[in-house]
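For reference, the structure is listed below as structure tokens.
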Amino acid sequence: MTLRLGIFYLMAAFTVWAAAIVVLGKNIVRAAVALIFSFCGMAALYVMLDAEFLAAVQVLIYVGGITILLLFAIMLTTRISSATARVINDQVVLSAIATIGLLAGLIYATTQGISALMGPPNLPETAPFLGRALLTTYALPFEAVSILLLAGMVGAIILARKD
Amino acid sequence: MITFAKVIEQLYAVTAAWGIPWLVPTLVVMTIVVGVVVAYIAVAAMFLIWWERKISAHIQVRFGPMRVGGWHGWAQSIADGLKLLLKEDIIPARADKVVFVLAPMVVFAASLASYVTIPWAPGLIVRDLHIGVLYMVAISSLAVVGIIMAGWSSNNKYATLGAMRSAAQAVSYEVPLVLSILGPVMIAGTMRMGGLVEAQGGTWLGFLPRWYVFPQAVAFLVYFICALAECNRLPFDIPEAESELVAGFHVEYSGMRFAIFFLAEYANMFVVAAIATTLFLGGWHGPWIPIPGLPAEVVHGLFGLVWFQVKCYFLIFVMMWLRWTLNRLRVDQLMDFAWKVLLPIAFANLIITGLVLML
């Protein structure tokens, strides 16, 4: 268990370090690259919680899809070689309040005995279990999320179309 | 059955009995496995580079390398590798140094990590993960991140253009790729690489091997086309299109860093072929005969090892054959093909497979 804990702290530190670069970095492309590393660190934390399926999906969707799209958009829109792009927006106070609130909630949860690193729950295989749950017990929320995504997609297409 | 996992377990039990902390054998096993895999990748990549040169030469009615090493220039790749090792390592003055140095490592790490779940032979697999196929697809999609990092950090317009094209291509082709691997996964009911191969044992109607390429021929084609795009192979090599972008994302790389990109490309080709072999071509299954004097299990394993390699290298041969036969697609044709042709076909295949399985 001590080695597990050591790896957990290592991966957590890695994730936080990468996330700090995302937020504090001056260069927007470097921030996007750091975001990728941060997502990979998150995937490692999922693996430590025995959620391998979630970890693989995290890498596939967030790293292989979303961040690459993000980089693509950055390269299309800004002068990428310039390091002067503004990376901090005006809502610093609001986001600081939200972040501190979240941190307080997490600390409270930890002190109440919900630890970040639990022992492996020893599920046989998570993927079939998840699939069945999503299509039976949680079918309605699942479909609601799909409709939300569809609406978002249609909205994006309408906004992007010129004519 | 003797499996790699059981051998490792035995080893751990023995060392635990000797009072050695389990970290020591774990690290030893990890080092050995990584060493073997890296050695395999290096040798396979050198062979593939030589092979590609030979195939391209014969398609163009040339001889290709003939001199180095004697027999048909077999040592050409070794000579090239040594030359690249000795070359000067140049980092452009205006490049983003950290990202520039990191990029080849990310690309190579992504292809190296995929070798964890390749089922080489019955029982010979480093780790038969629950999510095997998904893991391989997810991990190998990381290579694109390295390509974008390389292209952007070089601070060169050709490299940046190559990186952007690579990003667009990867995002488009990953969707039908993931959908196409779902067909075999649905039939087999598992994502374990070992389980997928085992599900393809035996025959249909007594003569047809139970490979998923027969019921899932459409998925196989979709997968293979997307895999070509993932490897940046012709006709999908727009990220490094020589005639337009000089060399695309790796224009500024030289010496060993360039060699690592080259190595990763061929290592990735093998990964893609291994996934196709496992999902569609029955993996290690193939006819085998018992050899007197050896236990049947060992002989089966050896034949399996050979069959897996034969199938993989056949697919790689097809990829090379296509590269030297077809010409490059334009960017807009590429996008049209992914979203308007491959994606609907992949969805239709998924729905039909699901219907047949339910009925």
* Please tell me if B:P65 is within 22 Å of B:L315 (Cβ to Cβ), more than 14 Å from chain A (Cβ to nearest Cβ) and buried (at least 16 other Cβ atoms within 10 Å of the Cβ). => no
* Among the listed residues A:I36, A:I68, which satisfies the condition of being facing chain B (nearest Cβ under 8 Å), buried (at least 22 other Cβ atoms within 10 Å of the Cβ), more than 20 Å from A:A12 (Cα to Cα) and at pLDDT 80 or above? -> A:I68
* In region B:138-177, what count of residues is obtained for those that are among the aliphatic types (A, V, I, L, M), facing another protein chain (nearest Cβ under 7 Å) and surrounded by fewer than 24 Cβ atoms within 10 Å (Cβ to Cβ)? -> 4
* To do: Looking at (1) touching a residue at least 60 places away in the same chain (Cβ under 8 Å); (2) more than 24 Å from the chain's Cα centre (by Cα), find the lone condition where B:L343 falls short.
  => (2)
* Within region B:41-61, which residues are without any contact (Cβ under 8 Å) to a residue 60 or more places away in the chain and either in a helix (DSSP H, G or I) or surrounded by 12 or more Cβ atoms within 10 Å (Cβ to Cβ) (or both)? -> B:V43, B:M46, B:F47, B:W50, B:R53, B:K54, B:A57, B:H58
* With respect to the numbered conditions (1) under 20 Å from B:G151 (Cα atoms); (2) surrounded by fewer than 18 Cβ atoms within 10 Å (Cβ to Cβ); (3) touching a residue at least 40 places away in the same chain (Cβ under 8 Å), which one is the sole condition not fulfilled by B:A95? -> (2)
* Might you check whether a residue that is surrounded by fewer than 20 Cβ atoms within 10 Å (Cβ to Cβ) and either out of contact with any Asp or Glu (no Cβ under 8 Å at 6 or more places or on another chain) or at positive phi (or both) occurs anywhere in region B:272-287? => yes
* To do: Output the number of residues of region B:1-20 satisfying the condition of being part of a helix (DSSP H, G or I) and under 14 Å from B:D128 (Cβ atoms).
  => 6
* Asked: Could you list, in sequence order, the residues of region B:128-137 that are at the interface with chain A (Cβ under 7 Å from one of its Cβ atoms) and part of a helix (DSSP H, G or I)?
  -> B:L134, B:Y135, B:V137
* To do: Give the residues of region B:215-246 that are at pLDDT 75 or above and at positive phi, sorted by residue number.
  => B:N232
* Asked: So how many residues does region B:320-342 have that are closer than 29 Å to B:I187 by Cα and surrounded by 19 or more Cβ atoms within 10 Å (Cβ to Cβ)?
  -> 3
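For every residue, the table says whether it meets (1) free of Cβ contacts under 8 Å to residues at least 40 places away in the same chain; (2) over 15 Å from the mean Cα position of the chain (by Cα).
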| position | (1), (2) |
| --- | --- |
| B:G189 | yes, yes |
| B:L208 | yes, yes |
| B:F220 | no, yes |
| B:A229 | no, no |
| B:S254 | no, yes |
| B:A264 | no, no |
* Would a scan of region B:253-267 turn up a residue that is part of a loop (DSSP other than H, G, I, E, B), of a type in the set (F, W, Y), closer than 25 Å to B:L112 by Cβ and in contact with a strand residue (DSSP E or B) (Cβ under 8 Å, 6 or more places away or on another chain)? -> no
* **Unmet criterion (only one of (1) on the phi < 0 side of the Ramachandran plot; (2) not in a helix (DSSP H, G or I)) for B:A150** => (2)
* Would region B:99-117 turn up any residue that is within 14 Å of chain A (Cβ to nearest Cβ) and part of a loop (DSSP other than H, G, I, E, B)? -> no
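The values are calculated or read from the model by the stated rules, or taken from the named source; none is laboratory data. Everything quoted here is computed from the prediction, not taken from an experiment. Glycine gets a Cβ as well: all are built from the backbone with ideal geometry, and neighbour counts include every protein chain shown.
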